[in-house]
Each structure stands twice: as structure tokens, then as C-alpha cells.
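Here's the structure, in C-alpha cells; my notes come after.
The values are calculated or read from the model by the stated rules, or taken from the named source; none is laboratory data. Computed from a prediction, not measured in an experiment: that's the story for all the values here. All Cβ positions, even for glycine, are placed from backbone atoms using ideal geometry, and neighbour counts span all protein chains on display. Heavy atoms of the whole protein, side chains included, go into the accessibility calculation; ligands, DNA and RNA do not. Shrake-Rupley method; radii C 1.70, N 1.55, O 1.52, S 1.80 Å.
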Amino acid sequence: MHQDLELFSELCDFLLDEEKNNPVATPIATSELFEKLDLSLKDEGVVDQDLTLALKAIIKHTPKTASTSFFNQLFGGRKGKASLGDLLSVMLNNSMYTYKVAGPQVGLEKEIISQICRLSGYPEGSGGTLAAGGSMTNFMALLMARDHKFPEIRTEGTRQNITLYTSEASHYSIAKNAALAGIGSNNVRLINCNAKGEMSAEHLEEVIENDVNKGFIPFFVNATAGTTVLGAFDNITALSQVCKKHNIWLHVDGAYCGSVIFSNRYKHLVKGLELTDSFSLNAHKMLGTPLSCSIIITKHKEQLHHSFSNEAEYLYQTDGDDYNLGKTSLQCGRRNDALKLWTLWKSVGTKGLEKIVDHQFELAQFARDYINNHPDYTLNSFDDSISVCFNYKDVPANTLCTALYEDSKLMVGFGKFRNTEFVRMVTINTVLEKEDILNFFETIETYVSKELLKNSLS
Ligand SMILES: *Cc1c(COP(=O)(O)O)cnc(C)c1O
């Protein structure tokens, strides 16, 4: 093992150098992938020297999500202490289902959940768990809401026409999860947004009443804290009034920006969170832990048990339900995703997490100011969002983003709201500073004048 750790350390040094010197890895066409890299698996193994060469070539061509040129996705960067914690969980290799095999790891997961409940305004005695990503924590919320309203569904299956509600700008996992849960994607109602991408409480109420009149039973509303494209925050308080009136479970999908709960300056964006039934957030997005680290909390701790525990005598032999986390989990064997967040949190404190979040909003404001001061740009997004959406000159966003990537300049994606397509630059990457934002715009400007406009003239 010591030898492998030395090799690991050598590979990490290589990666860090690559990240710095070649921040956007040269893309390989999928048609050439297996010719350019030694990916084949054979009957005979290879010696370490050859393995090292193969791994270095793979590292070289793998997209660098922690480089200062990565603006492509709703995660990025690297927090050293979080990576350290995650590496340690690989070495320890526990499974989080029982206290007997995970020991203190159970305690640190419980501490994370209890602190997040406290910061969200949930009462003592609330519960939660971690799952492999926001799609899955959203799935857990949906199942709890379903079983809360229709306890017999767990044994009898779905027999009634039950409906759920989410905004047209919400994440696709909501519809996908409805299909997985046997509810059917046709029973997902997409609620209108206003011009800023926030779900309309009036339209929600209208659609619910219409459904009730037709004999449907509404059971779940999903609000979003940070929509995937515009980074908008739904008005939780307004939605909660509608849910109270109709006795509907309200979940907040905070996968993208739910971590605003750590910031005194920005937690107003999830005002009313204490009124909801469940809330999920991804620490691998705003907090910069390695993938994946998704947390869900709920006020209805007993529902976690009702929806996710199946008695398994061979597994749960000691230590009571509260410490056997498998009883509130979607999975059986479960990776330890808590240690990376705990290590980061322990080392920087809640105040350190607040700084990480505030910095992203500051950079987004810096980017918006730049755009507003440069007439060649048009801004397509709004204040209090870390998604900065824009167009430059008349270059189609799709063309621009693809060309920048193929020429190894920048990794940035494009998105669409209503009928406008735009570049979506995200300031979530934890290694970014203001100078990287300026570089980003400069790179685009130089590239467009030198390459794209030149080509279009020739
Ligand atoms: C990213 C995201 C998800 C999905 O999270 P994964 O961890 O990628 O599964 C869900 N909802 C929103 C709003 C997101 O931005």
C-alpha cells in the first residue's frame, strides 16, 4: 500500500501541474478515444511503470474541473480539506448502515444533519440523511411525501390519481423521480414562472384547485432554491401558504444554492425554509466538496423510518435505530460522504463556509457589473444569482461555447430560458478570484475578434 500511495502522490503532482499549465485539456473526439489512449483491458496485467504512463495520459486528457478556466457546471474547484476528508473515507472504507461498522463516522454524519436542521430553522428532533446526489435526495423527498399522505402505497402500490407540482424551471429529476416512483410523469404539473424564473404561487393554487375538482389528489410541491439555469429562488413563504391550505408536503430542492443557509447575508433567499417539510442541498456544489455530497433533512423524522426502513435482522444487531443509519437510507451499503464535509466544516468553521458562499455571490456581482459596463454584452440573468447568463455581440451562445472548448480556451456552457439562448457562466468554482473573471471575459473577446469573426469573413 505504501508504494501505491507514493504513486498516488506522484499522479496528484502531475494532475496539479496539468491543471495549472493546461487548464482546459485538449478534447479527444470520441471516435479517436480508444486509439489515442490505452484504455483496453487484457488477460495479462501491466507493470507499474506502464500503468503510470497509462494513468498520466488519461489524467492529461480528462477535463480539469478544478482549473480557473472551468465555468461549465454547477460545481468546480477544490477545497483541500474536503478532498483530504474524502480520501480518508476511501482509505477507511466503512459502510454507513450500522454503528457497528462505521463507529464515529455515524456521529459526524449525525452532527452535520443536526447543524443543517438548526441552520434551516427545523425543530429539535428533525432528521435527515445523505444520498448519492441531489436527484436522489429529491427522490427521497418525493417518496416520503407520497407515503406520508398514502401510507398504504408501500404495500398496495399506487391506485389513485395523485399529482405533484414543480416549476417549469425546476430540475429534470423531479419528473424522472415521479416516473421512478410509479406516479407517472404525466401527473407532474409544471407551474409557470415569472420573468425571473421564480415559480408563481397564484398559478400553483389555480392548477391545484383545478386538479382537486377533477378528482386528483395533490400531495407534493417542489420549490427550488437556485434553479439550474437562472439560479432563481422560489418564494418559499408564498408557496407554503398554498401547501398549508391544501395539506401538501413542501420540499425545497436546494441542490444548487441551498447552501445559502450558511450565509447571514444571503439566507434571506430561502426565507420561510422553516415552514417546509423537507429540504435538500448539495455540498458538492456551493461548498466545493468532491462529488457527491447531498444532504436531505426533514421535520418528519418518523417518515424517514417509515419510508426507508425494512427490517433486516442479519444487519441491525446492535445499537438501536438512531445509530443504525441504514434504517433511514435509500441504499444498503452506503459510501461515507459525510467525512469530506465534516473535515472541511471542522477546519474552517461555519464562518468559513459562509465565506465560501459569499465569495461566489461577490464574483457573480463582479461579472454582472462587467457585463453592464460593456455595451457588447447583454445580460440575461438577475441579481442574487451565481448563474451569470449573457450574450456577446451577435455570436450564438452555442457556437461560442463549443468553439472555446474545442480550442482549449475555456469550459463554459449555454442555457435557455423562454426563447433566449445564452452563455451561462457560473461562479461556483471555489478556486476563482476576480482576476479569473476578467480573464474569462478577455478570453472571449480576444477569441471572438481573432477567430470567430475572422472565420465568418473569410
Ligand atoms: C444539480 C441539481 C440537481 C441534481 O443534483 P445531482 O447531485 O447532480 O443529482 C437537482 N436539482 C437542482 C436544482 C440542481 O441544480
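Counting only strands (runs of 3 or more DSSP E) that sit wholly inside the stretch 329-430, not one has at least 2 residues that are under 30 Å from residue 310 (Cα atoms), of a type in the set (D, E, K, R) and in contact (Cβ under 8 Å) with a residue 40 or more places away in the chain. Residues that are in contact with a Cys (Cβ under 6 Å, 6 or more places away or on another chain) and modelled with pLDDT of 95 or more are absent from the stretch 148-157.
If you filter the stretch 225-251 down to residues that are open to solvent by 10 Å² or more (accessible area, probe 1.4 Å) and among the charged types (D, E, K, R), you find that the one that is nearest to the ligand (Cβ to nearest atom) is 244. Residue 265 fulfils the conditions (1) part of a helix (DSSP H, G or I); (2) modelled with pLDDT of 95 or more; (3) in the same structural domain as residue 237 (by TED's automatic domain parsing); (4) surrounded by fewer than 18 Cβ atoms within 10 Å (Cβ to Cβ) except for a single criterion, (1).
Only one entry of 169, 141, 179 meets the criterion of being surrounded by fewer than 19 Cβ atoms within 10 Å (Cβ to Cβ) and within 16 Å of the ligand (Cβ to nearest atom), and that entry is 179. What tally of residues in the stretch 77-135 results from selecting those that are among the polar types (S, T, N, Q) and either within 16 Å of the ligand (Cβ to nearest atom) or not in a helix (DSSP H, G or I) (or both)? The qualifying residues number 8.
Among the numbered conditions (1) part of a helix (DSSP H, G or I); (2) within 16 Å of the ligand (Cβ to nearest atom), the only one that residue 284 does not meet is (1). Of everything listed in (1) outside any loop (DSSP other than H, G, I, E, B); (2) surrounded by 15 or more Cβ atoms within 10 Å (Cβ to Cβ), the single unmet condition for residue 74 is (1).
One residue stands out among those in the stretch 7-66 that are part of a loop (DSSP other than H, G, I, E, B) and polar (S, T, N, Q): the one that is most open to solvent (accessible area, probe 1.4 Å), which is 26.
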